[in-house]
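Here's the structure we're looking at; comments come further down.
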Amino acid sequence: MSHLFYQTRDRRPLLDHAEGIYMWDVNGKRYIDGSSGAMVSNIGHSNSRVLEAMRAQMDKSTFGYRLHFENEPAEKLAAKVAELSPKGHDKVFFVSGGSEAVESAVKLARQYAWVKGEDSRWKVISRSPSYHGATLGALALTSYAPLNAPFLPMVTDMPKVPAPRCYLDRNNSSDAECGLRYADMLRDKIIEEGPDSVLAFIMEPVGGASTGALVAPDSYYGRIRDICEEFGVLLIYDEVMTGVGRTGKFLAAEHWNINPDIIATAKGFGAGYIPLGAMTAQQHIVDVILDAGGFQHGYTYAGNPIACAAGLAVIDEIYRQGMMTNTIRSGDILLSGLRFLMDKYPFIGDIRGKGLLTAFELVSDRETMAPLKPSLNAFSQLVEIAYKRGLIIYSRRSRGGLEGDHFLVCPPMITTSEQIGNILEILDDSLAELAATLNLAG
Ligand code: PLP
């Protein structure tokens, strides 16, 4: 009997302690944190420098409301984030999580249009499938049927364009052509909706929960930037999952040299030590709003000194330990290991990802990419099998939340090649057990 409740009645063991990439329950069983929780614990657990930085700040002050005090960790962290962000992103707004970062980005975009006299611009186009958060505003942008369904009447229906899932297209177009074709769907959508009504386009540069580490062809990214420019539509990058090193760069936008107008980060920013997120924006956007009287938005815990001290220490550790270099190296080993498993198990239909944001997707037929029967519940079965064997991975339904099974394998950025080998061994055994349990061709 527990007084706690979350999504379901499913229970998990009590966590006892965690260190590096490992977690132990109170019964002494060890787990590899193969998904960094929900792609959060990016620098590993119990990093002593981060804990020390938090303790030192706690001894000085734990809270100062932003209308009464500024604080040094928040100032320093904002300067650091601005330094590491694309050119012009000199303004940083702190929040406590991803949904708050996305809400803040959308509200900043809207108030910017409003003060400029472009009141007709309010639609934020997003991709389908996608995940942008659970609050009602962010949910309007999220496209994942089971999460949207109960709340549809309460949420303003925002326009959607298909996520660039080239791996599902059975035509002969090249990667580059496919990327442009999907990007041009945004152009068509803006025209269909009426360009004067479109405020922004929001996208995950590498897909997260809903599309499982989806990477678009290179051609997609620049074309999207150009289309937004053409219509005066703001480009918002949701880097809540990809940001702060997870793909091997501080921001995934750097892989394609894209400078979005607004960026949302969270997850790996507080890295599981504390709730922390941020929205960064081009200075000229923020100036217009502040000149007009101020941003009508904010959260009580914004810029909390302990959270910002932790965030600073997290970034310091990422650079001090060369974690992004390791992310690229270990990510490559992981992807080639997953490809090896794909050769072994015909029911793996696709492998994808960047850095240590990687995923594989199961299918019933690789030729057609038809998903497994939804009733098999492979997306939860494999997670349970791996969990029993001491490996945590993260799964979702790939095809809009209704069918399809993908699994994110995203261990912390400190994971060594040997530890990647351990993860792949457990995955191999788990896939073999899944094949036997569900009677899949093995
Ligand atoms: N945006 C993306 C891309 C995410 O992956 C998530 C969480 O998974 C969110 C937003 C929402 O973040 P939070 O759960 O911290 O509110």
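Listing for the model above:
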read-out: For the chain, share of DSSP beta bridges that run antiparallel, in % to the nearest 5; value: 70
read-out: Length-normalised contact order of the chain in % [C-alpha pairs under 8 Å, at least 6 apart]; value: 22
read-out: Peptides 238-246, 61-69 ordered by average Cβ neighbours within 10 Å, highest first; value: 238-246, 61-69
read-out: Other-chain or far-sequence residues with amide H under 5 Å of Gly349's (modelled H); value: Glu361, Leu362, Val363
read-out: Gyration tensor (alpha-carbon) shape descriptor, the stretch 318-395, a/c threshold 1.5; value: prolate
read-out: Across Lys80/Lys123; Lys80/Lys249; Lys91/Lys116; Lys189/Lys267; Lys80/Lys267; Lys123/Lys354, pairs whose alpha-carbon gap is larger than 21 Å; value: Lys80/Lys123; Lys189/Lys267; Lys123/Lys354
read-out: Mean Cβ neighbour count within 10 Å, used as a protection proxy, ranking 326-334, 15-23 highest first; value: 326-334, 15-23
read-out: Gain on full stretching of the segment that runs from Lys87 to Ala176 - 0.36 nm per residue minus C-alpha separation; value: 29.4 nm
read-out: Packing-based order for 362-375, 293-306, 105-118, using average beta carbon neighbours within 10 Å, highest first; value: 105-118, 293-306, 362-375
read-out: Nearby aspartates and glutamates by direct alpha-carbon distance to Lys76 (threshold 16 angstrom, same-chain neighbours under 8 apart not counted); value: Asp90, Asp316, Glu317
read-out: Kyte-Doolittle mean at least 0.0, axial Cα span of 27 Å or more - DSSP H helices of the chain; value: 323-344, 417-438
read-out: Cysteines having no other Cys beta carbon under 4.7 Å from their own, within the chain; value: Cys228, Cys308, Cys410
read-out: For the chain, calculated [θ]222 nm from helices alone, where every DSSP H run of n ≥ 4 adds -39500 (n - 2.57); value: -12000 deg cm²/dmol
read-out: Cα Rg, Dmax (largest Cα-Cα span) when computed across the stretch 51-320, Å; value: 18.5, 62
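Bear in mind that the values in this text are calculations on the coordinates, not laboratory data. The shown structure was predicted, so the numbers you read here are calculated from the model rather than taken from an experiment. Backbone-built Cβ (ideal geometry, glycine too); neighbour counts: all protein chains shown.
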